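Here the structure is laid out as structure tokens; the discussion comes afterwards.
The values are calculated or read from the model by the stated rules, or taken from the named source; none is laboratory data. Note that the coordinates shown come from a computational prediction; the quantities given were computed from them, not determined experimentally. Note that we place each Cβ from the backbone using ideal geometry, even for glycine, and neighbour counts take in every protein chain shown. Note: areas computed on protein heavy atoms with side chains; ligands, DNA, RNA excluded. Shrake-Rupley method; radii C 1.70, N 1.55, O 1.52, S 1.80 Å.
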There are 2 protein chains.
Amino acid sequence: MALEVFHKDETLQMRRKLIGQSCRLFFSRDPVKIVRARGQYLYDENGMQYLDCISNVQHVGHCHPSLTQAAAAQMDLLNSNTRFLHDNIVLYADRLAATLPKKLCVFYFVNSGSEANDLALRLARQYTRHHDVVVLDHAYHGHLISLIDISPYKFRKLEGQKEWAPLPDTYHGIYREDHPDPGQAYADTVKSLIDEAHKKGCKISSFFAESLPSVGGQIIFPTGYCKRVAEYVREAGGVYVADEIQTGFGRVGSHFWAFQLQGEDFCPDIVTMGKPIGNGHPIACVATTEEIAAAFTANGVEYFNTFGGNPVSCAIGLAVLDVIEKEDLRGNAVRVGGHLKQLLLQLQTKHPLIGDVRGVGLFIGMELVKDRASRKPATEEAAHLVRRLKEERIVMSTDGPWDSVIKFKPPMCFSIEDAERVCTCIDQILRGCYIPTQHQLTNGISLGTGLLFVQPMADEGVFRETCVKTVIFAIEC
Amino acid sequence: MALEVFHKDETLQMRRKLIGQSCRLFFSRDPVKIVRARGQYLYDENGMQYLDCISNVQHVGHCHPSLTQAAAAQMDLLNSNTRFLHDNIVLYADRLAATLPKKLCVFYFVNSGSEANDLALRLARQYTRHHDVVVLDHAYHGHLISLIDISPYKFRKLEGQKEWAPLPDTYHGIYREDHPDPGQAYADTVKSLIDEAHKKGCKISSFFAESLPSVGGQIIFPTGYCKRVAEYVREAGGVYVADEIQTGFGRVGSHFWAFQLQGEDFCPDIVTMGKPIGNGHPIACVATTEEIAAAFTANGVEYFNTFGGNPVSCAIGLAVLDVIEKEDLRGNAVRVGGHLKQLLLQLQTKHPLIGDVRGVGLFIGMELVKDRASRKPATEEAAHLVRRLKEERIVMSTDGPWDSVIKFKPPMCFSIEDAERVCTCIDQILRGCYIPTQHQLTNGISLGTGLLFVQPMADEGVFRETCVKTVIFAIEC
């Protein structure tokens, strides 16, 4: 198979013509054409290698040979639908069940995280006979019509304001790291919202939340939050839906699911899975209890998903689980993620721009702020850092309400050396150890860069303060 | 890869425990375990071969080696997301564009027909700034919350009655084959519905219809219907969405898309594609006009679909198009479909149970009726025929509002011999040439059968009439 059919310019031109422009490109002013990948490395059309710090979908590494082999073997045998009996779907459900608390023992297979969340909504509504949903501000649960409705991240831009529960963000939120019990305090905001909703005649079907809000800015829930919220939601007749689409399958290292970070006495009623589940193959899943599944069955209407749970998807899903175990990727997430976080915390002691470093396993956020007192988000600086890292052949991106959080969610085979390389680069960029290329000197400030330190300072302490104040942002066209 | 891990009974037991029971099995009382497949043939765990008359998803035949090869080659190279530039997505969009009228030139790739229809709804609503949708009675457009709302087939069972446009069914509907212009007459029912909607303050965003309603009972739209409907819908400020998920990619033989059967002067504003597009791999697509795409872009919100349009999905999509061309599967659909229809029409002259035979290419319906005068649907007889065909190792199923339509939508490599085999079997079953097995004789009426003719009649004419009247239906447990 040819690595490239068209010259990059032609690809870009065809893309602009043929593909809806709502589908955006990374680095839209100078997008990257990637033609092959392996592990945590991407290669462009000229063979240049990029370190991938953000592809959480390619969970066990890009193009893992075990998955290709499993897919090809099953594609050659059978890829029918689930109206025929087949071993793969039950084998796979059984393997997933073993990772979950006992009560989450019934599975539905679908093709995307969005389909999983839509089905979770249907399950919750059918079981509770209630309609309304409590969600966290800045949450994103998918691109479908039903999910935009429960995704403030999209809803706010498309439709307007609604009432959402505050994001339990102890760095920016109403209760911060100095609060004696932020878990309880934030849970009480959910209780208040439910009470308000009841006054308006609403009936709560569910509380939906990512177990670690990612678009919200790589947020780690405070201790006790989920358990208390689940109690409040269940008191209101609703169920707790844990969206594990970004965070499941061992990304947090210590546990297979991120909701398990909240302790053994917390268990959601529905768990949705997606992204890493098939390493890029379109699979997703909903796990729930026997009671909720029974209520859904009782409506008497078949649920048929044409591709969901087919033998190839399940073969790939099984192979992903095998690789996670065989290569001890959870152990790797603990080791490398822990080291990465330490390195970033060290950088934080050197660079005032770094306001916060948070995360667990290979799910880490580094938040940039204009100054540490006000915690004002350093949106442009974060965008600059991402662009500069790209020049260093490191693919990174931002998240959070102000796009000020540099997010790490790399393939799980990310190494200690990769972590050190990224941190060295970040340090160099923030230190202003940036030598413009000949091209950039000739053309003034480069389009892809946008940030030039006026001058390196002799004294590092002075330098750090000054460089934040003296940045010049190029206006990009 | 082992063909079977568990004994069939164990698979079934695990399935009942682990998979939501809303996900139903074919032949639920005695489901079939299929472990491999090739072309139009399925093989169970004992190596028994079944002829597959219904898997329209496995469009170019089960497990086509070209597709396995294309998938494996691309999986080994790269399977990233569409935020990176890649040639496959533009190559594929370009190839699809060549099959469509010029104005349908912008593409969005998603993972399922349901995701495609949900996005089509969003596009239509964004472009028209209207909300309401006109759909045909008995239509099915997907399993998502937004689509149940526009799928009377599901909505009626889950939520209740609404106003839908009558299905333009010239066999059962309000205007029949003897009407001078059923296309215009049925289009006028859409116009009336729009007028009624306007009186209630509704604003029409779109008319949604499968180009050949399939769950509705393998319906062929009368001439001129779509063009007139499109005019009425556009006058109301809406757009025409052609759901080609079941019917596209050359199934009708003479044309690549079923909407093209309505003539060159009809062109939808949005076309949705799914099922056969990836031969079982989860891909789907929305094609639309530059104007509609521009309106969607103008909302300023990114549309990102994690797996949609990835290099592997597009490689498989391209390979499907290649096989359709190289193996002249459209030509095969014309030849084999034409022959099959002729054979079924011949059976109709012999068996009063066959009320109607309709279809085009390899999309054919044979409707069973209690008697031809009343056209009362022969639901139980259709179910019996499907069960008996299963015993003859032919996989078939029913559709239509009364499940009285035997539907043919086989893999496109279906052969003349396959068509003759099915028709011979149907003839034999309907003629009562059914010799009970020893097991069935020992156990009385078999669970899987349900229909026994009391006695064969000497005179065939008398027999035919009698056999319809004297059927005994076993009560199945």
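Details
- Scanning region B:45-58 for residues that are within 23 Å of B:F408 (Cβ to Cβ) and surrounded by fewer than 18 Cβ atoms within 10 Å (Cβ to Cβ) turns up B:M48, B:Q49.
- Of the strands (runs of 3 or more DSSP E) contained entirely in region A:222-288, those carrying at least 1 residues that are more than 14 Å from chain B (Cβ to nearest Cβ), farther than 18 Å from A:S313 by Cβ and of a type outside the set (A, V, I, L, M, F, W, C) fall at A:239-243.
- Residues in region B:310-327 that are surrounded by fewer than 21 Cβ atoms within 10 Å (Cβ to Cβ) and not hydrophobic (A, V, I, L, M, F, W, C) were compared, and the one that is nearest to the other protein chains (Cβ to nearest Cβ) is B:D322.
- Answer from A:F249, A:F266 - the residue that is modelled with pLDDT of 95 or more, on the phi > 0 side of the Ramachandran plot and open to solvent by less than 30 Å² (accessible area, probe 1.4 Å): A:F249
- Of the residues making up region B:28-39, those that are outside any loop (DSSP other than H, G, I, E, B) and open to solvent by 50 Å² or more (accessible area, probe 1.4 Å) are B:R36, B:R38.
- Region B:66-75, subset more than 7 Å from chain A (Cβ to nearest Cβ) and open to solvent by 20 Å² or more (accessible area, probe 1.4 Å), residue nearest to A:Q49 (Cα to Cα): B:Q69
- The lone exception for B:G300 - which of (1) open to solvent by 30 Å² or more (accessible area, probe 1.4 Å); (2) more than 24 Å from B:L85 (Cβ to Cβ) it fails: (2)
- For region A:7-20, the tally of residues that are surrounded by 17 or more Cβ atoms within 10 Å (Cβ to Cβ) and not aliphatic (A, V, I, L, M) stands at 4.
- Pick from region A:338-381, criterion of a type in the set (A, V, I, L, M), touching a helix residue (DSSP H, G or I) at 6+ places or on another chain (Cβ under 9 Å) and assigned to a loop (DSSP other than H, G, I, E, B), ranking: surrounded by the most Cβ atoms within 10 Å (Cβ to Cβ): A:L362
- Odd one out for A:L3, checked against (1) touching a residue at least 24 places away in the same chain (Cβ under 8 Å); (2) in a loop (DSSP other than H, G, I, E, B); (3) assigned by TED's automatic domain parsing to the domain that holds A:V215: (3)
- For region A:99-128, filtering for residues that are among the polar types (S, T, N, Q) and surrounded by fewer than 24 Cβ atoms within 10 Å (Cβ to Cβ) leaves 3.
- Selection status of B:L78, in contact (Cβ under 8 Å) with a residue 60 or more places away in the chain, touching a Lys or Arg at 6+ places or on another chain (Cβ under 7 Å), at the interface with chain A (Cβ under 9 Å from one of its Cβ atoms) and among the aliphatic types (A, V, I, L, M): yes
- Members of region B:84-117 found to be of a type in the set (A, V, I, L, M, F, W, C), in contact (Cβ under 8 Å) with a residue 12 or more places away in the chain and either more than 7 Å from every other protein chain (Cβ to nearest Cβ) or not in a helix (DSSP H, G or I) (or both), listed by number: B:L96, B:L100, B:L104, B:C105, B:V106, B:F107, B:F109, B:V110, B:A116
- Residue match in region B:274-289 (condition: crowded, with 24+ Cβ neighbours inside 10 Å and touching a Lys or Arg at 6+ places or on another chain (Cβ under 6 Å)): no
- If you check B:L42, B:L25 for being within 8 Å of chain A (Cβ to nearest Cβ), open to solvent by less than 20 Å² (accessible area, probe 1.4 Å) and not in a helix (DSSP H, G or I), only one passes: B:L42.
- Subset of region B:148-173 (residues that are crowded, with 17+ Cβ neighbours inside 10 Å and part of a helix (DSSP H, G or I)): B:I148, B:P152, B:Y153, B:K154, B:F155
- Every residue from region B:382-412 that is open to solvent by 10 Å² or more (accessible area, probe 1.4 Å) and aliphatic (A, V, I, L, M): B:A383, B:V386
- Pairs linking a residue in region A:393-418 that is not assigned by TED's automatic domain parsing to the domain that holds A:N56 and at pLDDT below 95 to a residue that is open to solvent by 20 Å² or more (accessible area, probe 1.4 Å) and not in a strand (DSSP E or B), with Cβ atoms under 6 Å and 6 or more positions apart or on different chains, do not occur.
- Evaluation of B:S55 against (1) within 11 Å of chain A (Cβ to nearest Cβ); (2) in a helix (DSSP H, G or I); (3) not β-branched (V, I, T) (one fails), failing number: (2)
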